[in-house]
Amino acid sequence: MGVIMDNELIDEINYEILLLIKIGFYGDDEILEIIDDEFIEEDISKDLISNLLLENKENLDEPKEDSDDFIKLSKAFDDLTREKIISIHNAGYDIEEGIQDSFELFTHLRNNKYEPIGFCFYTFEDIENAIEENSLNIAFGDFEYDEEKGLKIAEKIVKTLKDYGFEINWGQSVDEIIEIENFNWQKRYDGKDYSMDGALEDFIRLSSE
């Protein structure tokens, strides 16, 4: 029975390692740290995790470049940032964390005399879904819980994404997430911070252009 449990555990760790590699936002040290934290109660040696990471990297053809879809998405997020919409790649694990990150950035930017009007983001869960289902969800909102402002922000996001050739599914409601259909997630690790800190740097840089 113990061997079966061990094999199941190894399979689970391998799945998580492979997912983190495919997401393309994490270097080897970050992957080791995430896996170590996630399975801390299992008391797994770091050497074993390192070996599993090495095996997965050897067996997987890591992308040599980002997909056209990811490149277009990054450009769209830059354009939205210029429109004073905080745009975060990989904003936490789920939508609650993404909203937290967005409001934290909003407070920081306002305290430094910047005027963001809204936010958009996708999360770790959304990337996992994009890898498995070829569909990427984009959450959005304003900072005053104003439905009219929220709709205007959503319309800007949808228009920008469509301008880059994306197929969009959205019910024109502030309560419905924007879905990019037929999205090919392929991301090579390049060392850039695409999460909250990266979004902050982008907002400050692009706002001054």
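So, R0 is 41 Å and r is the distance between the beta-carbons of Glu181 and Ser207; what FRET efficiency does that work out to, to 0.05?
0.85
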Would you mind checking the tilt of helix 95-111 against the longest principal axis of the Cα atoms of the chain, expressed as 0 to 90 degrees and rounded to 10?
-> 50 degrees
Fully extended contour minus Cα-Cα distance, from Ile117 to Glu58, at 0.36 nm per residue = 16.8 nm
Estimate the FRET efficiency between His108 and Phe39 by the formula 1/(1 + (r/R0)^6), using the beta-carbon distance for r and 45 Å for R0, to the nearest 0.05.
-> 0.85
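Sort 22-31, 50-59 by the packing proxy (mean of other Cβ within 10 Å over each peptide's residues), most packed first. Please report the intermediate quantities before stating the final value.
Working: 22-31: 16.1, 50-59: 14.2.
The most tightly packed comes first, giving 22-31, 50-59.
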Mean projected area (nm²) from the convex hull of Cα positions in region 113-166 is 4.8 nm²
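In Å², and per residue, what accessible area does the chain have when probed at 1.4 Å with the other protein chains present? It would help to have the intermediate numbers written out before the result.
Details: 11740 Å² over 209 residues.
Accessible surface, normalised per residue, equals 56 Å².
Which length gain, in nm to one decimal place, applies between Tyr145 and Ser195 when the Cα-Cα distance is subtracted from 0.36 nm times their residue separation? Mind dumping the intermediate values first?
Working: separation 50, 0.36 × 50 = 18.00 nm, distance 2.35 nm.
Here the segment from Tyr145 to Ser195 would lengthen by 15.7 nm.
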Helix axis angle, 196-207 relative to the chain longest principal axis, alpha carbon, degrees = 30 degrees
Kirkwood hydrodynamic radius (C-alpha pairs) into Stokes-Einstein, region 1-81, 4 °C and 1.567 mPa s, D in µm²/s | 90 µm²/s
Distance in nm between Asp47 and Asn7 label points, each 7 Å along Cα→Cβ, equals 2.5 nm
How many percent of the accessible area of the chain is carbon or sulfur, using a 1.4 Å probe?
-> 44 percent
Mean separation of Cα contacts under 8 Å (at least 6 apart) over the residue count of the chain, i.e. the relative contact order in percent, is 27 percent
Total charge dipole magnitude, the chain, about the Cα centre, Cβ charges on Lys, Arg, Asp, Glu only, Debye to nearest 20 | 1380 debye
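In debye, nearest 20, what is the charge dipole magnitude of region 102-150 about its Cα centre with +1 on Lys and Arg Cβ and -1 on Asp and Glu Cβ, if you could check? Please list the in-between numbers first.
On the way: 3 positive and 12 negative charges, 79 e Å.
Rounded to the nearest 20 debye, it is 380 debye.
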Charge dipole of region 54-209 built from unit charges on the beta carbon (Lys, Arg +1; Asp, Glu -1), centred at mean Cα; most positive-end Cα among Asn112, Asn182, Ala130 is Asn112
Any chance you could give the angle, 0 to 90 degrees and rounded to 10, that helix 2-23 forms with the longest Cα principal axis of the chain?
-> 40 degrees
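Mind pulling the per residue volume of the convex hull built on the Cα atoms of region 56-138? Å³ is fine. Write out the running numbers ahead of the final one.
Values: hull volume 9.7 nm³, N = 83.
Once divided by residue count, the hull of region 56-138 is 116 Å³.
If the only charges are +1 at each Lys and Arg Cβ and -1 at each Asp and Glu Cβ, what is the size of the charge dipole of region 92-209 around the Cα centre, to the nearest 20 debye?
Numbers: 11 positive and 29 negative charges, 128 e Å.
Dipole magnitude for region 92-209 comes out near 620 debye.
The values are calculated or read from the model by the stated rules, or taken from the named source; none is laboratory data. Note that the coordinates shown come from a computational prediction; the quantities given were computed from them, not determined experimentally. In this analysis, Cβ positions are derived from the backbone assuming ideal geometry, glycine residues included, and neighbour counts consider all displayed protein chains. The accessibility values were calculated without ligands, DNA or RNA, using every heavy atom of the protein model including side chains. Shrake-Rupley method; radii C 1.70, N 1.55, O 1.52, S 1.80 Å.
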